[in-house]
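The values are calculated or read from the model by the stated rules, or taken from the named source; none is laboratory data. Given the structure is predicted, the values throughout are model-derived calculations rather than measurements. Don't worry about glycine lacking a Cβ; one is built from the backbone with ideal geometry, like all the others, and counts go over all protein chains shown.
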Amino acid sequence: MRNILAIAQREFASYFHSPLAYFVVPVFLGLVGIFSLYFQDIFATGIASMRVVFFWSAIFEVLLIPALTMRLFAEERRTGSIELLATLPVTEAQMVLGKYIAAMGLIGLSLLLTLTYPLTLSELTDLDIGPIIGGYLGLFLLASSFAAIGIAASAMTRNQVVAFLVALVFCMVPFAMGFALGRVPSDILPVVQYLAFDTHFKNLARGVIDSRDVVYYLSIVALFLHLAVFSLERRRLS
């Protein structure tokens, strides 16, 4: 556990030693703000709801989390610094978990900064706390899945652009499936609906915290973190 936390601390600090954190976090908050307040003004509807904010937050997580994770292993493979890590008493699983915790720390900070929306709405009217808790849980679990996918993509290549594009595709396709359910044949609709990220996110954002939705996201996280570990172990053996 000590090794994992040391790697997480090192990686989290590295985000702020480079322009990445100062780019990704403001861009995420800025885009969510622009689309939630300008294109769909949450204060103009007369209904106290965070659905618009949650929707745009999820959309921009798809775009920005691959950019956040693309360098985690790809850059170290390109520069050769991963060879130094391989000589230390650190396992591949510890490296993956440490970097994953660091990425989730920055993502969690970004989501924490969006609490200004429910706090402002609560000053104007009474808010139903259930959908807000469920919505933030859904955003965090969705981001957890995207981060795991991004780390797996980064572990498989030394090219950051390739890692970004692979992660973007694997994040976008399951998310976009939820918007195309009306065109899916009825015989495979239940399967596609279950595989769609958006389906589980919408359930949580309604305030319905179902263990099946939580287990779905945790399964995605476990699968892709395992793929990242496997990729690193295979490289060491080769």
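Which residue is nearest to Trp56 (Cα to Cα), if the candidates are limited to segment 1-36 and must be surrounded by fewer than 16 Cβ atoms within 10 Å (Cβ to Cβ) and among the aliphatic types (A, V, I, L, M)?
Among them, the one singled out is Ile34.
Which of the residues spanning segment 206-234 are in contact with a helix residue (DSSP H, G or I) (Cβ under 7 Å, 6 or more places away or on another chain), of a type in the set (A, V, I, L, M, F, W, C) and either in a helix (DSSP H, G or I) or surrounded by 20 or more Cβ atoms within 10 Å (Cβ to Cβ) (or both)? Before the answer, list the steps.
Keep residues of segment 206-234 that are in contact with a helix residue (DSSP H, G or I) (Cβ under 7 Å, 6 or more places away or on another chain), which gives 206-210, 213-214, 216-217, 220-221, 224-225, 227-229, 231-233.
Next, only the ones that are of a type in the set (A, V, I, L, M, F, W, C) stay: 208-209, 214, 220-221, 224-225, 227-229, 232.
Those that are in contact with a helix residue (DSSP H, G or I) (Cβ under 7 Å, 6 or more places away or on another chain), of a type in the set (A, V, I, L, M, F, W, C) and either in a helix (DSSP H, G or I) or surrounded by 20 or more Cβ atoms within 10 Å (Cβ to Cβ) (or both): Val214, Ile220, Val221, Phe224, Leu225, Leu227, Ala228, Val229, Leu232.
Find the residue count for segment 131-166, including only residues that are crowded, with 24+ Cβ neighbours inside 10 Å, among the hydrophobic types (A, V, I, L, M, F, W, C), touching a Phe, Trp or Tyr at 6+ places or on another chain (Cβ under 9 Å) and closer than 15 Å to Met104 by Cβ.
Residues in segment 131-166 being crowded, with 24+ Cβ neighbours inside 10 Å, among the hydrophobic types (A, V, I, L, M, F, W, C), touching a Phe, Trp or Tyr at 6+ places or on another chain (Cβ under 9 Å) and closer than 15 Å to Met104 by Cβ: 7 in total.
Quick one: which of Glu92, Glu123 is within 21 Å of Leu37 (Cα to Cα) and modelled with pLDDT under 85? Can you show your working first?
Numbers: Glu92 fails: within 21 Å of Leu37 (Cα to Cα).
Glu123 is the lone residue from the list that is within 21 Å of Leu37 (Cα to Cα) and modelled with pLDDT under 85.
Here is a check on your reading of the model: is Ala147 in contact with a helix residue (DSSP H, G or I) (Cβ under 6 Å, 6 or more places away or on another chain) and either without any contact (Cβ under 8 Å) to a residue 60 or more places away in the chain or farther than 25 Å from Val53 by Cβ (or both)? Steps first, please.
On the way: in contact with a helix residue (DSSP H, G or I) (Cβ under 6 Å, 6 or more places away or on another chain): yes; either without any contact (Cβ under 8 Å) to a residue 60 or more places away in the chain or farther than 25 Å from Val53 by Cβ (or both): no.
Answer is no for this residue.
Exactly one of these conditions fails for His200: (1) modelled with pLDDT of 85 or more; (2) part of a loop (DSSP other than H, G, I, E, B); (3) not hydrophobic (A, V, I, L, M, F, W, C). Give me its number.
Going through the list (1) modelled with pLDDT of 85 or more; (2) part of a loop (DSSP other than H, G, I, E, B); (3) not hydrophobic (A, V, I, L, M, F, W, C), His200 breaks only (2).
Can you find, within segment 179-221, the residue that is farthest from Glu92 (Cα to Cα) among those that are touching a residue at least 40 places away in the same chain (Cβ under 8 Å) and among the aliphatic types (A, V, I, L, M)?
Val208
Would you be able to say whether some residue in segment 152-174 is within 30 Å of Phe73 (Cβ to Cβ), of a type in the set (Ser, Thr, Tyr) and more than 13 Å from the chain's Cα centre (by Cα)?
Applying the first criterion (within 30 Å of Phe73 (Cβ to Cβ)) to segment 152-174 yields 152-174.
Now narrow it down to the ones that are of a type in the set (Ser, Thr, Tyr): 154, 157.
Checking which are more than 13 Å from the chain's Cα centre (by Cα) leaves us with 154, 157.
Yes, because at least one residue in segment 152-174 is within 30 Å of Phe73 (Cβ to Cβ), of a type in the set (Ser, Thr, Tyr) and more than 13 Å from the chain's Cα centre (by Cα).
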